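Notes follow once the structure below has been shown.
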Amino acid sequence: MESLISAGSAPAQSTARPHVVLLASPDAGHLIPLCELARRLVEHHGFAATIVTFHSLSDPQSLPSSLPASVTIAALPAVKIDDLPADALRPVVLVEIIHRSLPSLRTLLRCISSDALLAALVPDLLCFPALPLAAELGVPTYIFFASNVTLLYLMHGLVELHDGALPGEYRDLPEPFEIPGGLSLPRADLPDGYRSSKDPVYAGVVEACRQYLLADGFLANTFDEMEPATVEAFKQVVDRGAFPPVFPVGPLVRSNSDEEAAGGASPLLEWLDRQPARSVVYVSFGSGGALSVEQTTELAAGLEASGHRFLWVVRMPSLDGRSQAFGAGGDDDDPLAWLPQGFQQRIEGRGLAVAAWAPQVRVLSHPATAAFVSHCGWNSTLEGAVAGVPMVAWPLHTEQRMNALLLEVSLGVALRPRVREDGGVVAREEVAAAVKELMNWNCDQLHHLIYLVLLLLLISFLARPSAFYACSITHLLLQRSGMLQ
C-alpha cells in the first residue's frame, strides 16, 4: 500500500487478532470519540484496529497522542477537489472527497483482509458513501454515530415519511415532531437541514438517511439512561425491520490523560487551582462555534454582571452572521481583542478569558468548576454529564437545539436562556440571570444529574473486559464476521 500515508505500522496485523477498520470524518467532535472506540476495541476486546482518515481533510493534531500500538492510523491519498464550486458547503465537499477516495479505500480493505480477519467496517455517519463498498466486499458495517439516539429516531422518521414518495418528491416533517418520552420538537429546534423540504440540503439529508438502511447497525455514543424512552422505542422500530439496530456504546469522551499528554501544565488550570470548590462557571462553545460581535459583547457584560467567577474560552467572533466557524481565524488573530474595552481589567481575580482553546475535560472535572455554559454539542454534553456539571444550554447549529431541549426538558440538567426576538441575541440581563439561577440550583434540582454520574461510574466499571457489557460488542462483531457460529 505505497499509496497510503500511514502514521504507525503497516495496516496488516497478525491473523490472530480480528481487525476492525474505522473510517473517520475530520471534525474533532466525530474523530475524538471514534478514536476512543478504537482504543476500547483494542484494549478491552482483543481486536486490531485501523483508523482511516482522508489526507485531503486530516488534521493530525486532532488525533489523541496515546492510542495503543495496535491502533494504526492510515490516511487515504489526497484527491483533487479543485473542480468543486468555491462556495460549496462543507458537508458537500466532505461527501465528494469520500466518493473520490473509494478506490483507495477498496484497496486498503482488500490489503487488510488478505492478512487478517476483517471483522467490520465502522464508518462515521458522514462517511455513508462507503456503505455500498462494504456490501460489495461482504464486510459487516456498523455506522459510528457520534450523536444520540434521539437524532437517529428523527432520521428514521424522515425515512418513514418518504416511504412511497415519488423520485424527487420531498415532504416536510410534522410539527411538532414527537420523540418518545414526551419530547416535542418544534420546527425551530430541528437540526439544520431538517426544517424545510425546500432547504437546498434537505434532499441530500433524506438520501443519506436512506443509505443508512444498508448498515448492519449503529454504534451510538450514548447510553440507555441518557434517553431511556427513545432507546426502548427504537427497539420496536428495529423489531419491525424499519431501521438497523442501535447499540449504545457510550459515553466515549476524551480522557484526562489524553489532555494531559497533549497540553501538560496550564496557566488556566493553575488559576482554577486557586478558586474555591464549585465556584466557577466554565464557558465554551466548542471547536466550531462562533458568536456574533454583538453577542460576544452581551455575553461579556452578562458574565461580569452575574457576580460569579468564570472561565471563558473566547473564539474569534463571526463577522458574516454564521454560527459555524470551522477553520475560521488565522494564527495572528486574537479573539481577546474583541472583548469590551476594560473588560479584562474589571474581571481580574474573579474571571479569566483565554483565547481559542482549553483542556475541557480537565476543566470540567476540576473541583472548582460548578457549571458549564455550553453550545450543546454532543461531545461537550457527554463530557459535562461525566463530570456531573449542570449546564446553561446555548445551542448554535446542527443538532444542538435538539440536544438542548433533551437536556432541559427530558433530563432536567440544563436551563436555556431566552433569545431576543429582534435578532436572536441573548441579552446581558438574561445571561446574568441564567448564571445566577444555575449556580443556585440545589441537590433536589440536580438529582437526575447525580443519578447519571453514579450510573456512569457503574458503566465505567462494567466496561472492563470481564464484564458482559464489554463482551457483548466483541460477540456481535465476531458473530457477524463468521468467527462465531
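The values are calculated or read from the model by the stated rules, or taken from the named source; none is laboratory data. Because the structure is a prediction, the values reported are computed rather than measured. With ideal geometry, Cβ positions are generated from the backbone for all residues, glycine too; neighbour counts draw on all protein chains shown.
Summary of computed values
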| quantity | calculated |
| --- | --- |
| Residue within region 69-79 that is touching a helix residue (DSSP H, G or I) at 6+ places or on another chain (Cβ under 8 Å), outside any loop (DSSP other than H, G, I, E, B) and modelled with pLDDT of 95 or more present | no |
| Among residues of region 174-223, those that are of a type in the set (Gly, Ala, Ser) and part of a helix (DSSP H, G or I), counted | 4 |
| Within region 364-390, considering residues that are touching an Asp or Glu at 6+ places or on another chain (Cβ under 9 Å) and among the aliphatic types (A, V, I, L, M), the one farthest from Leu151 (Cα to Cα) | Ala368 |
| Residues that are within 10 Å of Ala215 (Cα to Cα) and either under 22 Å from the mean Cα position of the chain (by Cα) or at pLDDT below 95 (or both), drawn from region 140-156 | Thr141, Tyr142, Ile143 |
| Elements of type strands (runs of 3 or more DSSP E) contained in region 329-393, each with 3 or more residues being small (Gly, Ala, Ser) and in the same structural domain as Val426 (by TED's automatic domain parsing) | 351-355, 369-374 |
| Wholly within region 395-485, helices (runs of 4 or more DSSP H) carrying at least 1 residues that are at pLDDT below 90 and surrounded by fewer than 18 Cβ atoms within 10 Å (Cβ to Cβ) | 447-462, 468-481 |
| Output for region 90-113, where each listed residue is surrounded by fewer than 16 Cβ atoms within 10 Å (Cβ to Cβ) and among the β-branched types (Val, Ile, Thr) | Val92, Val93, Thr107 |
| The one condition in (1) under 22 Å from Phe47 (Cα atoms); (2) loosely packed, with under 15 Cβ neighbours inside 10 Å that Pro132 fails to fulfil | (1) |
| Residue check for Val52: surrounded by fewer than 19 Cβ atoms within 10 Å (Cβ to Cβ), under 16 Å from Asp124 (Cα atoms) and in contact with a Leu (Cβ under 7 Å, 6 or more places away or on another chain) | no |
| Members of region 181-216 found to be in contact with a Pro (Cβ under 8 Å, 6 or more places away or on another chain), over 29 Å from Tyr142 (Cβ atoms) and not small (Gly, Ala, Ser), listed by number | Pro186, Arg187 |
